[in-house]
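The values are calculated or read from the model by the stated rules, or taken from the named source; none is laboratory data. Given the structure is predicted, the values throughout are model-derived calculations rather than measurements. Positions of Cβ are backbone-derived with ideal geometry, glycine not excepted, and every protein chain shown enters the neighbour counts. The accessibility values were calculated without ligands, DNA or RNA, using every heavy atom of the protein model including side chains. Shrake-Rupley method; radii C 1.70, N 1.55, O 1.52, S 1.80 Å.
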Amino acid sequence: MADLDLTCINTIRTLAMDAVQKANSGHPGAPMGLAPVAYTLWNRFLNYDPAHPKWTNRDRFVLSNGHASMLVYALVHLAEVKDRDGTSPSLPLDQLKLFRQLGSRTPGHPEQEMTSGIETTTGPLGQGVGNAVGMAIAQKWMAAHYGRPGFESLFDHKVYAICGDGCMMEGIASEAASLAGHLKLNNLCLLYDDNGITIDGHTHLAFTEDVAKRFEAYGWTIRRVADGNDTAALAAELEAFNAGAEKPTLILVKTLIGYGSPNKQDTHSAHGEPLGADEIKLTKKAYGWPEDAQFLVPDGVYDHFRGGIGKRGGEAFAAWSKLFAQYKAKHPDLGSQIETLEFGGLPAGWDKDLAPFPADAKGLATRDSSGKVLNAIAKNVPWVLGGSADLNPSTKTKMTFEGAGVFTAKTPAGRNIHFGVREHAMGAIMNGLALSNLRAYGSGFLIFSDYGRGALRLGAVMHIPVLYVFTHDSIGVGEDGPTHQPIEHLASLRAMPNLCVIRPADANEALEAYRYAMQSRHVPVVLSLTRQAVPTLDRTKYAPAAGLAKGGYVLASAEKPDVILIGTGSEVSLCVEAYEKLTAEGVKARVVSLPSWDLFEKQSQEYRDSVLPPSVTKRVCVEMGSAFGWERYAGPGGTIIAMRSFGASAPLKDLMKHFGFTVEKVIEAAKSA
């Protein structure tokens, strides 16, 4: 190893130590052990232009063990990655000194939305592995869909991810790795920081399996580096990966957590707390570093990064830009598509095939209308990709139009992704697809949103427009019983910040829900859909379904109502039928569809009061889910017809009667309110 290489590596180590110590919070050990690995990858191999950090064909770097955030912050700083304005640095040295402080760009765990040079938000272990798989799928699809003779290198980037022991223990990483092996994602390289230490102590306390054999069984190529400080050995393994892997690659790298610390190296005390001022001095002495220097970047370090990743990345970006200009000249329509998707846009006429559903008293399940709308949109938006957790026949989310195809190792231009029974990985992979500017959707039963909640939450944290299509959204599931009947799920999802939950009442509200979701650029959307058929309302008699865009709207009303019936999803039809009977009896009533609390709360107070006048205190709220939260709309004088227990296994009609979801109960509540 050249002296300047070692100086760069020790710069990364000492920046991490100093930042954690100054913050009196953080994880210094992993960056100290991983510094040679990350340095070699970034400065010798990563095809990345620091001056253009959003370049479409850049290699992706994911730090799945996000607690080691100072590792990537040091790299972003030393590589002089530009901010999104293209001129100022993303992380000047002062930002490293503000590690974990309010308002800084160096939060405790990497946040994609906050810091240029960070590809994804990580921290919950294993999520980054799933994100990386999604990014690898995206590269394969982009290359297959947009590649043309003479332009095979237009999308040929690689995806690298570093993960740790904790990631390897989490089920989500196993789910994602299994799918990656099945799909033979040979553009994906996972570097495993095999240091054998977690917060509790040595991994032998709870983790003794042979990770290499597990990944070999998944269908990965296994490579090993016996000493994380041996940069030549690591470079040889990375060169082998780049030479043309046939499968995804796992490189197991043996490192020492807290490397160089005389008293804390290879101990769990180096994992999640500052080393302490005295230990830092001893460690710097061991490195041959000025013991009292803090946040030191020695002469020559910046220049060395400029001559490595800076020069290589800049040349690669310039060559690609020239190639893309030629591509656009020869394939203008495809070039325009790439530019549109890169900036999160939609093609002209994306919604041209959306046609209103005719009124139908029998109607259809909103999962069925959803499937029709999804297909009508996806055939006009080529970069919509998605699938289900092995539930396409039930969730109706398969793209069936000509040319949709299935994404496989042999057919990477396919747009239907079979995620298998892997809800959590599905969500993380969707996030990776969305971070690659594709429009990703995933589906399953609402009850199983619990299985993927970690990934769903990170999508909301990152402000990325993933779409979840959750069906079987109530006790309407029927005979499957309480294990499959969601109760608390809507309330729980509504409580999540920056997540838009929509529960459409009929086919036309489902259509409008998709119209909103496709135009959402910074908010994930959850659609909550029925298994059972619901009437398609006559929109010549009731208000247009376009009112869904405001979250809630008046379907029909007396001029001055005395009582308001409020419903969501399948229960709106109960409210409508009750409204008609009450009106026939001379009761002045109003019926309100409230498909999205999130959207409704974003409206002006004037609009919300026009839908739910404060003067009308007699209200009946109806939803086949938890009553939690409905007090806000029922008010002190209102009645809430909702679930206050788990469901039961029985035919739907019996369940509706048993739990009080009948027109008669709604009318009774309206009259007694």
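Observations
- For a paramagnetic label modelled on Lys541 (point 7 Å from Cα along Cα→Cβ), amide N atoms under 18 Å away belong, within segment 353-388, to 357-364.
- Per-residue ³J(HN,Hα) for segment 574-584, Karplus 6.51 cos²θ - 1.76 cosθ + 1.60, θ = phi - 60°, Hz, x for Gly and Pro: 4, 5, 5, 5, 5, 4, 4, 5, 5, 4, 5
- Per-pair calculated FRET efficiency, R0 = 56 Å: Asp3 and Asp351 via Cβ, rounded to 0.05: 0.40
- Inter-probe distance in nm under a simple model that places probes 7 Å from Cα toward Cβ, at Glu113 and Thr267: 4.0
- Too-long pairs where the Cα-Cα distance tops 27 Å, listed order kept, from Lys372/Lys581; Lys97/Lys254; Lys322/Lys379; Lys352/Lys398; Lys54/Lys410; Lys581/Lys602: Lys372/Lys581; Lys97/Lys254; Lys322/Lys379; Lys54/Lys410; Lys581/Lys602
- Calculated from backbone phi, Karplus (6.51, -1.76, 1.60) coupling profile of segment 424-436 in Hz, x at Gly/Pro: 5, 4, 3, x, 5, 5, 4, 4, x, 5, 5, 5, 9
- Low-density loop positions, GluC sites (Glu not before Pro), segment 235-272 - DSSP coil, at most 14 other Cβ in 10 Å: Glu246
- Counting 0.36 nm for each residue step from Lys285 to Asp94 and taking away their Cα separation leaves a gain of 66.3 nm.
- For segment 541-647: rounded, prolate or oblate by the Cα gyration tensor [a/c cutoff 1.5]: rounded
- For the chain, adding -39500 (n - 2.57) for each run of n ≥ 4 DSSP H residues and dividing by the number of residues yields -11500 deg cm²/dmol at 222 nm.
- Spatially, segment 214-272 and segment 606-671 are offset by 57 Å when compared through their Cα centroids.
- Near Val666, once Lys and Arg are set to +1 and Asp and Glu to -1 for all other residues with Cβ below 12 Å from its Cβ, the sum equals -2.
- Average accessible surface area per residue within segment 142-293, 1.4 Å rolling probe, Å²: 42
- The slack between Ala627 and Asp480, meaning 0.36 nm per residue of separation minus the straight C-alpha distance, is 50.7 nm.
- Local electrostatic count at Ala16 - Lys and Arg +1, Asp and Glu -1, tallied over other residues with Cβ under 15 Å: +2
- Relative contact order, percent, the chain [alpha-carbon distance under 8 Å, six or more residues apart]: 12
- Inter-label distance, Leu102 to Lys54: 2.9 nm, where each label sits 7 Å from its Cα along the C-beta direction.
- Sequence-distant aspartates and glutamates (8 or more away, or on other chains) whose Cα lies within less than 16 Å of Lys328: Glu152, Glu339, Glu342
- Each Lys or Arg adds one and each Asp or Glu subtracts one; over the other residues with Cβ under 12 Å from the Cβ of Lys281, this totals -3.
- Residue-normalised accessible area of segment 599-673, expressed per residue, 1.4 Å probe, Å²: 53
- At R0 = 60 Å, FRET efficiency that the Cβ-Cβ distance of Glu339 and Glu606 yields, to 0.05: 0.90
- The distance linking segment 481-498 with segment 1-17 is 49 Å (Cα centroid to Cα centroid, whole angstrom).
- Table column - 3J(HN,Hα) (Hz), segment 114-124, Karplus curve with 6.51, -1.76, 1.60, x for Gly and Pro: 9, 10, 5, x, 9, 7, 7, 7, 10, x, x
- Pairwise FRET efficiency - Ala650 versus Asp85, Cβ, R0 = 60 Å, nearest 0.05: 0.50
- Gain on full stretching of the segment that runs from Phe401 to Val421 - 0.36 nm per residue minus C-alpha separation: 4.8 nm
- Solvent exposure of segment 448-535, expressed per residue, is 28 Å² of accessible area, with all protein chains present and a 1.4 angstrom probe.
- Modelled this way, with points 7 Å down the Cα-to-C-beta line, the labels at His331 and Ala212 are 4.1 nm from one another.
- Built amide H within the under 5 Å cut-off of Ile197, gap 5+: Thr203
- Accessible-area composition of the chain, carbon plus sulfur, in percent [1.4 Å probe]: 52
- Amide H contacts of Phe445 (H built 1.01 Å from N, in plane; Pro and chain starts excluded): Thr471 sit under 5 Å, all sequence-distant by 5 or more or on other chains.
- Relative contact order of segment 179-241, pairs being alpha-carbon contacts under 8 Å that are 6 or more residues apart, as %: 32
- DSSP-loop GluC sites (Glu not before Pro) across segment 532-616, with at most 14 other Cβ within 10 angstrom: Glu559, Glu585
- Between helix 311-330 and the chain: long-axis angle, C-alpha atoms, 0 to 90°, nearest 10: 50
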